[in-house]
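A short worksheet on the structure shown next.
The values are calculated or read from the model by the stated rules, or taken from the named source; none is laboratory data. No experiment lies behind these values; they were computed from the predicted model shown. Cβ sites come from the backbone with ideal geometry, for glycine too, and all protein chains shown count toward neighbours.
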Amino acid sequence: MMAELAIANAAFAVIKETISNGGDIMSASSQVFSFFNSKSKIAVEASKGDSDCEAFFALEQLKQSEEQLRELMIYTGRPGLWDDWLQFQVDARRKREEAIKTDARRRYKARQKMVDVFNIFLAIVLVSTGLFAIVGLAWAIYTKGQF
């Protein structure tokens, strides 16, 4: 979690430096993405509940940085940039969640296929064993009860 926080802080520092040097927010787009990606990872780790206090303060620090970033986007970006960015984040999160669900479905289907193959193999073994036993019993009866 600390690595993600360091990445987010470094990205935010680059964003602020880019804007203070006369650049626009779009020239630091990779850093903006890095900041929000790190924030997302920290939020996921915080939801796991490993270290509540550490996660709370990391998210609080990122919330303050995000508020400053919002102001930067509003004052130095085009009109509606912040709203468009929020919509982009919602769409990206939805796509990530859908990709996770699709991957889980794919893994489930593969596991089901393996179970089906094993069941078919087991049925073949049981049927062939049963047939072998019946043929062996018939042979024993045919040879007048000698085993």
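Between GLU67, GLU17, which is surrounded by fewer than 12 Cβ atoms within 10 Å (Cβ to Cβ), of a type outside the set (Phe, Trp, Tyr) and assigned to a helix (DSSP H, G or I)?
Only one candidate passes the filter, namely GLU67.
Six or more apart or on different chains, Cβ under 8 Å: which pairs go from a residue in the stretch 46-73 that's over 16 Å from ALA13 (Cβ atoms) and of a type in the set (Phe, Trp, Tyr) to one that's surrounded by 15 or more Cβ atoms within 10 Å (Cβ to Cβ) and modelled with pLDDT under 80? Could you list them?
Once the first residue is over 16 Å from ALA13 (Cβ atoms) and of a type in the set (Phe, Trp, Tyr) and sits in the stretch 46-73, its partners that are surrounded by 15 or more Cβ atoms within 10 Å (Cβ to Cβ) and modelled with pLDDT under 80 give PHE56/ALA46.
One residue is enough: does the stretch 118-136 have a residue meeting the conditions modelled with pLDDT of 85 or more and under 32 Å from the mean Cα position of the chain (by Cα)?
The answer is yes, given that some residue of the stretch 118-136 is modelled with pLDDT of 85 or more and under 32 Å from the mean Cα position of the chain (by Cα).
In the stretch 74-88, what residues are surrounded by 14 or more Cβ atoms within 10 Å (Cβ to Cβ) and either modelled with pLDDT of 85 or more or within 20 Å of ILE7 (Cβ to Cβ) (or both)?
Across the stretch 74-88, the qualifying residue is only TRP85.
Only one of ALA43, ALA104, ALA110 is under 18 Å from the mean Cα position of the chain (by Cα), at pLDDT 80 or above and either among the hydrophobic types (A, V, I, L, M, F, W, C) or surrounded by 13 or more Cβ atoms within 10 Å (Cβ to Cβ) (or both); which?
ALA104
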